[in-house]
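Below is one structure, written out as structure tokens; comments come after it.
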Amino acid sequence: MEILKCDESFTETLVAIGKKTYFDTFGSMNTEETMRRYLEEAFNPERIRQELKNPISQFYLLCENQKTVAYFKINFAPAQTDINDPESLELERIYVIKGFKGRGIGRLMIEKTEEIARNAGCRYIWLGVWEKNKSAIAFYKRNGFIRFNEHFFRMGDELQKDYLLRKDIN
């Protein structure tokens with residue numbers, strides 16, 4: 001498995017995998033209109049390009065036999081979506097293409113995030129996960145995350161609750 005740090009040349013790839021994995025994960029739990037609007041906004045090529053230019057946010061692709069199978073995005077403070085603790089690293093997005101789940105790719109992305117956080121002197125990593133995404137919550141718990149707070153996330157016209165999970169690192 002190859003892990004590639006992304007720059008602006010990866011914009012279209014990130015837009016495509018972002019839309020696909022987000023829709024595959026949440027499409028059945030939201031209305032078609034809500035999903036369409038969210039995907040257009042969150043995975044707008046110009047928005048992704050700007051996020052890639054931000055030096056305190058980083059995207060990574062995971063490729064197997066030159067096929068993109070997963071991606072993740074991390075944020076250092078103050079680019080974080082919530083906490084903004086300089087001793088933490090946010091794992092904002094972590095998605096695996098359907099058909100590649102259950103093969104240790106998610107764990108590999110968490111391990112890479114921990115390595116980056118350790119090298120940056122962070123004490124913990126944290127993330128937000130939708131309260132209805134039971135499989136993701138179970139995955140994070142298996143990988144050492146604990147719930148420490150919650151916040152709300154706007155998905156179209158609906159306000160959804162995210163659990164905030166953290167994992168202390170050495």
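Here are the numbers for this structure:
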| read-out | value |
| --- | --- |
| The range 152-168 residues that are without any contact (Cβ under 8 Å) to a residue 12 or more places away in the chain, paired with ones that are surrounded by 12 or more Cβ atoms within 10 Å (Cβ to Cβ) (beta carbon under 6 Å, 6 or more apart) | F152/K161 |
| Count of the range 83-123 residues which are in a loop (DSSP other than H, G, I, E, B), surrounded by 15 or more Cβ atoms within 10 Å (Cβ to Cβ) and of a type in the set (A, V, I, L, M) | 2 |
| Which numbered condition F76 misses (of (1) touching a residue at least 40 places away in the same chain (Cβ under 8 Å); (2) under 18 Å from R118 (Cα atoms); (3) out of contact with any Leu (no Cβ under 7 Å at 6 or more places or on another chain)) | (3) |
| Pairs where the first residue, in the range 116-138, is touching a residue at least 40 places away in the same chain (Cβ under 8 Å) and the second is assigned to a helix (DSSP H, G or I) and buried (at least 18 other Cβ atoms within 10 Å of the Cβ), C-beta under 7 Å, 6+ apart | I125/T113; I125/E114; I125/A117 |
| Breaking point among (1) surrounded by fewer than 16 Cβ atoms within 10 Å (Cβ to Cβ); (2) over 21 Å from F76 (Cβ atoms), for H151 | (2) |
| Residues satisfying the stated conditions in the range 132-170, i.e. over 24 Å from P86 (Cβ atoms) and among the charged types (D, E, K, R) | K132, K134, K141, R142, R154, D157, E158, K161 |
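Throughout, read-outs are computed from the coordinates displayed, never taken from laboratory work. What you are looking at is a predicted structure, and each value in this text was computed from that prediction instead of being measured. Cβ sites come from the backbone with ideal geometry, for glycine too, and all protein chains shown count toward neighbours.
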